[in-house]
Every structure is written in C-alpha cells, then in structure tokens.
Amino acid sequence: MRRVLLWLLLMLLPLTAQAATLTADANDMQREMSDTLYGLFFEDINCAADGGLYAELLQNRSFEYENILNPQRADHYTAWRINTTPEGKAQWSLMNESPLNESNPTYLRASVEEGSLRLMNQGFATGALRGGIAVQEGQSYDFFIYLRSQGFSGCVTAAVTDAGGNPLCESVSFTPGETWTKHTAAFTAAKDADAWLCITIQGQGSVDVDMLSLMPADRVGKDWPGGGLRTDLVEALKALHPAFLRFPGGCVAEGSYTRDNEYNWKHTIGPVEQRQENPNTWGGMQTYGLGYYEYFCLAEELGALPLPVVHAGMLCQAREPREADYTLDEVRAYAQDILDLIEFAIGGADTTWGALRADMGHPEPFDLRYIAIGNENWGTGYFTRYGILSKAVKEKYPDITCIVAAGPVAEGALINDSWNNIRAKFADSLVDEHYYMDSLWFPQHVNRYDSYPRTTQVFLGEYAAHEPVQGTARPSNLRAALCEAAYLTGIERNSDVVRMAAYAPLLAREGQADWTPDLIWFNGTDVLLTPSYYVQQMFSSTLGDWVVASFLDDESLFHVVTRTESSVQVKVVNLAENEVPLTLRLNGVADGEGKTTTLSGEMKATNSFVKPLKIAPVEGACPVQDGTAEALLPACSVTIFEFPLQ
Ligand code: AHR
C-alpha cells in the first residue's frame with residue numbers, strides 16, 4: 001500500500017529525477033519459476049476464428065448461418081448477394097432435401113429459365129468498413145465448391161471479382177454432375193482489391209450449390225482437414241513464445257442459454273464439410289473449420305502445450321435465463337465425452353478416437369497434459385459436477401492435470417467461497433482465476449500472490465487491465481500495458497504459485513470487436529500489435545528459471561530479478577511521468593555488456609493501423625563492470641535488462 005501511495009504521489013508531482021539503486025544476488029536463488037508461465041488464451045470472439053485466424057475468406061460458406069442467439073447477426077443469406085440477368089428469369093431457394101450430409105443440411109438451389117444467376121460472397125469485412133475480401137496482387141487463392149444439377153445444360157463459372165462482378169483473376173468453369181461433387185480451382189489476383197467471390201450459373205435447369213471455400217494459398221496447416229490458418233496471425237502468436245494454448249473459450253466453451261449451444265468437440269472434427277456449425281454467443285457463427293484437431297495442431301505449431309476447456313454440464317452461468325444444468329446422471333454420462341476427447345488427443349491409433357486422429361493426419365499423440373473442466377463457474381452445483389468429471393478423468397488418466405474454475409472475479413465472497421471449496425476438495429487441481437480490472441488495480445495488487453499458500457497452484461486463465469471506455473471501446477494504451485507489466489513482476493516473483501497466465505482476449509478483427517481491449521488486432525491485410533502484446537512478448541522471451549534475491553530502494557518502481565543457467569533478467573517498471581536514474585548492483589554478473597529492451601511513451605498512446613509502431617520495444621546496451629551498471633529508466637516505461645552471468 002505504501003508503494004502505491006508513493007507511486008500515486010509521483011504521478012501527481014512534476015519531480016526532478018531521483019536516483020534509485022537495485023541490488024541483486026544472482027547466486028541467491030529463492031524460488032524456482034514455472035517454465036509454462038506465459039501462454040495464450042484463444043476464443044472465437046471478435047471474429048478471432050471465423051473471419052480471423054481461420055484462413056477461410058468466405059463467410060457463411062455453406063448457407064448454414066442461423067444464429068438463434070443473435071438473429072440480427074446471422075441468417076442463411078448472410079454475406080451473400082444474389083441477382084439474375086435478365087431479371088426474373090431465374091429463382092433461388094434454400095433447400096434441405098438430400099443435403100451434402102446430415103451435419104450440413106442447408107444448400108442453395110438455383111433454377112435458371114434463361115440467362116444467368118449470379119451468387120456473390122463478400123467475406124467477413126462487412127459493416128462500416130470497406131466491404132469485401134482483401135485479395136493481394138500476385139497472391140494465389142485455393143477454391144472449392146460442391147455442385148449438383150438436375151437436367152441442367154450450361155456451365156457454372158467461379159472467379160474473384162470486384163463488387164460489380166468484374167473479374168480480378170481468370171475465371172474457371174465447372175460442369176456440375178447429378179450427384180454432389182467437389183470442384184476445385186486456384187485463382188491468382190491481378191491486383192490488390194476488396195474482392196467478392198462470384199459464382200455465375202448460366203444455362204437452363206437447376207443447380208444445387210453448397211460448401212464453398214476460398215483460402216490464401218499461403219497459409220499454415222494447408223493439409224489440416226479444416227483447411228488451415230492465416231500465416232501472419234500464426235506468426236504473431238509464435239512471436240509470443242507461448243508455453244500453452246488455452247482453447248476454445250471462454251464462454252464459447254460452455255455455450256449460452258440453451259443446450260443446443262453447448263460446445264460439442266465431436267462436432268468440430270473430421271472432414272470440414274461434415275462439421276456441424278453452431279451459433280457463436282459473441283455474434284456470427286462457428287463453422288469449426290478451426291476445430292479441436294486444428295487447435296491441437298496449432299499448439300504443436302506454436303511449440304505450446306494444448307489446454308482444452310470443456311464445459312462442466314452447465315451453460316455459461318453469467319447468461320440468464322439458461323436451461324437447467326445437467327442432472328448428476330447426465331453428468332456421469334457426459335464424462336465419457338471428456339474421456340473420448342482425451343483419447344482423441346493421446347490414445348493410440350488402435351483406439352476408437354485415436355484412430356480418428358490418425359486418420360485426420362496425426363498418428364502420434366498430441367502432448368496433452370491439462371484439461372480445464374468449466375470456464376467461469378462457481379457454486380455448489382459446479383463443484384459437485386467438477387468432482388464427478390475430474391474423478392472420471394483422474395481414474396482413467398492419472399497423469400492429466402484437471403483445472404478447476406474459481407469464478408469470474410478477483411475479489412469478494414464468490415471467489416473466497418470457490419477457494420474454500422477447492423482447498424477442501426480439489427487440492428490437486430490447478431485453479432483457474434479470471435479477472436478484468438481497472439488498470440490501476442494491477443499495480444495496487446502486485447503482491448496478491450505473496451500470501452497464497454505455497455502448495456497452491458494457480459492458472460491465471462484470463463486477465464487484462466481495463467482503461468475507461470473512450471467512445472465505444474476501452475483503448476489498448478501504454479498505461480494498461482505498463483500496469484500489466486507491473487503486475488507481471490509480482491506474478492514472476494510468485495510463479496511457484498502462479499504456474500500459468502494468459503492475457504484475454506487474444507484477437508480482434510477491426511470493426512468487429514465484441515469486447516475490448518484485445519491483444520492483437522487485424523483486418524483483411526494487416527496485423528496490429530498493441531502495447532500489451534509487447535509487454536507479453538518482452539516478458540515471455542526473458543523468462544528465468546529462478547527468482548533471485550533483490551532489493552530496490554525506490555518503492556514507486558516495480559521490479560523482479562530472475563536468472564537462468566547463463567544470464568540474469570532484471571525487469572523494472574516505471575509508472576511515473578519522470579525518468580529515473582537507476583544504479584544496478586548485481587552480484588554474479590560478468591563484466592561486459594548487457595542488453596536492454598524498453599517500451600515507453602505517453603501513457604495514453606496506442607498503436608493504430610496507420611501508426612502501428614508508435615509504441616514498440618526498443619533495444620539497447622548497458623555496460624556492466626564489477627557488477628555495477630548505470631541506466632536511465634524513461635518516464636512511463638518497462639525495461640528488461642539481460643546480463644550474462646560470470
Ligand atoms: O475473454 C472474454 C470473456 O471473458 C470470456 O469468454 C469469459 O470467460 C470471460 O467472461
């Protein structure tokens with residue numbers, strides 16, 4: 001508390017810089033750190049999956065959109081524009097007799113008497129932003145479509161076009177057969193454009209259309225059954241060096257209001273055409289092209305441990321009214337679903353679900369070590385269900401660690417009650433805390449975990465510093481990022497207790513944010529990294545193995561000193577509006593030069609698509625002689641020093 005008062009005072013007074021001294025002894029190792037501390041939480045919110053990381057450029061590609069949770073957000077014709085030439089000489093309707101498959105029941109039937117029917121899809125960039133699919137000159141795009149015809153003479157052509165239907169690539173023609181057939185093509189864009197996918201059905205008779213896809217040829221996971229992921233976003237995730245990937249939610253993992261909305265992992269695997277779409281509680285739909293198999297593959301691609309979250313036989317408790325929780329008999333039956341999921345991840349190719357994984361392209365098991373049962377749950381009903389489900393997991397898979405939810409808040413009766421239940425009954429579970437708090441809460445609570453019993457294991461599954469709303473959103477500014485950085489010094493000091501931590505939410509598409517702030521923004525062409533992203537990156541790429549003894553004589557600064565086998569990491573956060581000269585006295589450090597990485601600027605500064613690097617880390621050097629180094633901490637900054645050990 002004294003530290004916070006001091007710091008508030010410093011923020012208010014235009015002070016001349018006062019020198020501070022940080023002393024540390026690299027040989028006095030106090031606590032071992034978690035090597036899984038920094039990871040990612042991915043949820044399909046803000047178009048993070050469909051319209052985001054998932055490389056599909058078409059929206060509502062199989063006419064299945066029907067969002068019973070948000071009817072205004074999605075229906076069967078979302079993103080499609082249909083017209084005929086001449087007018088009135090062709091009709092279209094949605095059908096579901098003899099569909100492509102039972103999971104994908106709706107298709108479009110075009111009946112052409114004369115002339116042509118044109119079917120155009122504008123992708124995900126809808127609303128106030130420029131419409132269309134951002135294609136880039138010289139880039140190739142992989143396309144497929146399922147067609148079937150009845151007594152049709154003529155042809156079906158496909159092309160990437162402008163909004164008026166003028167081709168931006170060479171078009172390709174297909175002759176539909178009498179049964180559902182997949183037709184493929186590759187397009188190369190002639191120029192950068194906001195494009196549409198245009199299907200022209202010309203001739204006489206009727207043609208059925210279903211399940212189309214347009215993806216950039218340059219994508220990650222091309223051979224994954226879902227089709228793959230956007231390369232630039234995967235690269236942005238990789239650069240965070242995540243130790244784990246928590247997925248698929250969040251509230252999405254639980255489902256909202258009705259059991260029909262539960263996230264059923266079995267609907268998200270197998271051939272992509274057979275995955276059963278589901279409304280997304282945040283808007284839009286979930287096509288599940290990024291499904292459980294792809295999540296596991298993504299984790300592997302990122303070098304991260306997969307950390308699935310399954311529901312606990314309860315819909316999202318924050319959303320009412322909701323259908324009844326599973327009865328205890330239903331919970332016992334549902335446990336098999338979770339066991340099947342684990343078998344899918346790690347079972348041999350001779351097991352039912354392991355065989356399916358092998359068929360999908362991954363004969364070796366995935367490195368599954370954790371499973372979270374429940375997201376933001378609380379109360380007796382939850383803990384009873386968690387008890388049944390975690391017991392079933394433990395009995396069959398004793399090496400898998402179960403993660404129990406502690407609820408959606410940082411403080412108060414709810415979380416205290418959760419902790420009482422957990423300490424009494426689930427002491428071997430990792431405990432999932434979530435909190436989104438005002439930015440200043442974070443530096444004020446930097447010591448939160450100092451008092452946790454050292455046998456406790458926390459998974460900080462969701463957190464972010466929230467600034468006051470400006471206009472319609474909470475900005476991702478430097479102040480929020482620095483408050484998170486200050487807090488992370490406390491997390492690192494306590495990483496014997498806090499084993500894992502993930503910022504939330506991870507991704508947001510420009511113009512489609514359901515929730516702010518978010519760590520990474522993107523549009524059709526660009527990726528925008530926030531100051532909070534850089535804090536995560538700076539901390540995760542300088543993770544130590546041990547916390548070492550240290551003391552800083554300026555209580556307005558936040559710091560932690562750690563070490564590995566070969567180097568010392570000193571992290572210092574200066575939240576004040578003045579620079580601070582800092583003397584470092586570090587026992588055990590070799591003479592020579594240390595590396596510095598600094599993030600600083602104006603507290604309210606944000607990055608934007610126009611100025612994406614306004615706040616970005618800057619690297620420098622810091623000479624060190626006889627264990628002493630001198631530095632100047634900029635106003636409003638976080639600096640990470642790395643010194644080689646003797
Ligand atoms: O991260 C956004 C949401 O916040 C998650 O879906 C939920 O778990 C939390 O309330």
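For the reader, a short list of remarks on this structure follows.
- The one condition in (1) under 30 Å from TRP180 (Cβ atoms); (2) not in a loop (DSSP other than H, G, I, E, B) that ALA299 fails to fulfil: (1)
- Verdict on LEU613 being among the hydrophobic types (A, V, I, L, M, F, W, C), at pLDDT 95 or above, under 22 Å from THR542 (Cβ atoms) and surrounded by 21 or more Cβ atoms within 10 Å (Cβ to Cβ): no
- For region 59-72, a residue qualifies if it is surrounded by fewer than 23 Cβ atoms within 10 Å (Cβ to Cβ) and either farther than 18 Å from ASN96 by Cβ or within 16 Å of the ligand (Cβ to nearest atom) (or both), and the qualifying residues are LEU69, ASN70, PRO71, GLN72.
- Scan of region 444-489 for residues that are within 16 Å of the ligand (Cβ to nearest atom), among the small types (Gly, Ala, Ser) and either under 26 Å from GLU555 (Cβ atoms) or assigned to a strand (DSSP E or B) (or both), ordered by number: GLY461, ALA464, ALA465, ALA473, ALA480
- Whether a residue is touching a residue at least 60 places away in the same chain (Cβ under 8 Å), touching a His at 6+ places or on another chain (Cβ under 8 Å) and not hydrophobic (A, V, I, L, M, F, W, C) was assessed, and SER111 does not pass this test.
- Count of region 371-412 residues, restricted to those that are aliphatic (A, V, I, L, M), in a loop (DSSP other than H, G, I, E, B) and away from the ligand (no atom under 15 Å from the Cβ), is 1.
- Among residues of region 459-473 that are closer than 21 Å to LEU488 by Cα, those with a Cβ under 7 angstrom from a residue that is within 13 Å of the ligand (Cβ to nearest atom) and aromatic (Phe, Trp, Tyr), sequence gap 6+ or separate chain, pair up as GLY461/PHE41; GLU462/PHE41; TYR463/TYR435; TYR463/TYR436; TYR463/TYR503; ALA464/TYR436; ALA464/TYR503; HIS466/TYR436.
- For region 490-543, the set of residues classified as of a type in the set (Phe, Trp, Tyr) and either in a strand (DSSP E or B) or within 15 Å of the ligand (Cβ to nearest atom) (or both) consists of TYR503, TRP515, TRP521, PHE522, listed by residue number.
- Among the residues making up region 590-646, a single one is of a type in the set (Phe, Trp, Tyr) and over 15 Å from GLN569 (Cβ atoms): PHE609.
- Condition check for GLY177: part of a strand (DSSP E or B) and loosely packed, with under 15 Cβ neighbours inside 10 Å: no
- Hits in region 366-414 (condition: in contact (Cβ under 8 Å) with a residue 24 or more places away in the chain, among the hydrophobic types (A, V, I, L, M, F, W, C) and farther than 20 Å from PHE296 by Cβ): TRP378, PHE383, ILE388, LEU389, ALA392, VAL404, ALA405, ALA406, VAL409, ALA410, LEU414
- Residues of region 26-40 satisfying the condition of being part of a loop (DSSP other than H, G, I, E, B) and within 16 Å of the ligand (Cβ to nearest atom): GLY39
- All conditions but one from (1) aromatic (Phe, Trp, Tyr); (2) closer than 30 Å to MET215 by Cβ; (3) more than 16 Å from the ligand (Cβ to nearest atom) apply to TRP546; the one that does not is (2).
- Qualifying residue in region 263-275 (condition: within 13 Å of the chain's Cα centre (by Cα) and of a type in the set (A, V, I, L, M)): no
- VAL160 in contact with a Phe, Trp or Tyr (Cβ under 7 Å, 6 or more places away or on another chain), under 20 Å from THR525 (Cα atoms), of a type in the set (Val, Ile, Thr) and outside any loop (DSSP other than H, G, I, E, B): yes
- Filtered residue count, region 250-285, keeping only those that are within 13 Å of the ligand (Cβ to nearest atom) and on the phi < 0 side of the Ramachandran plot: 9
- Residue identified as under 21 Å from ASP399 (Cα atoms), over 20 Å from the mean Cα position of the chain (by Cα) and more than 16 Å from the ligand (Cβ to nearest atom) among GLY313, GLY303, GLY348: GLY348
- Some residue of region 223-230 being crowded, with 21+ Cβ neighbours inside 10 Å, assigned to a strand (DSSP E or B) and at pLDDT 95 or above: yes
- Note on region 577-631: residues that are in contact (Cβ under 8 Å) with a residue 60 or more places away in the chain and either outside any loop (DSSP other than H, G, I, E, B) or under 25 Å from THR562 (Cα atoms) (or both) amount to 15.
- Qualifying residues in region 77-94 (those that are buried (at least 17 other Cβ atoms within 10 Å of the Cβ) and hydrophobic (A, V, I, L, M, F, W, C)) - the one farthest from GLY284 (Cα to Cα): ALA90
- Looking at GLU43, GLU64, just one residue is over 22 Å from TRP515 (Cα atoms), assigned to a loop (DSSP other than H, G, I, E, B) and either in contact with a Phe, Trp or Tyr (Cβ under 8 Å, 6 or more places away or on another chain) or not aliphatic (A, V, I, L, M) (or both), and that residue is GLU64.
- Counted residues, region 418-443 - those being touching a Leu at 6+ places or on another chain (Cβ under 7 Å) and either modelled with pLDDT under 95 or within 16 Å of the ligand (Cβ to nearest atom) (or both): 1
- Taken over region 543-559, the criterion of being buried (at least 21 other Cβ atoms within 10 Å of the Cβ) and under 16 Å from TYR38 (Cα atoms) is satisfied by GLY544, VAL547.
The values are calculated or read from the model by the stated rules, or taken from the named source; none is laboratory data. Predicted model only: the values in this text are computed from it and were never measured. Virtual Cβ from ideal backbone geometry, glycine too; neighbours counted across all protein chains shown.
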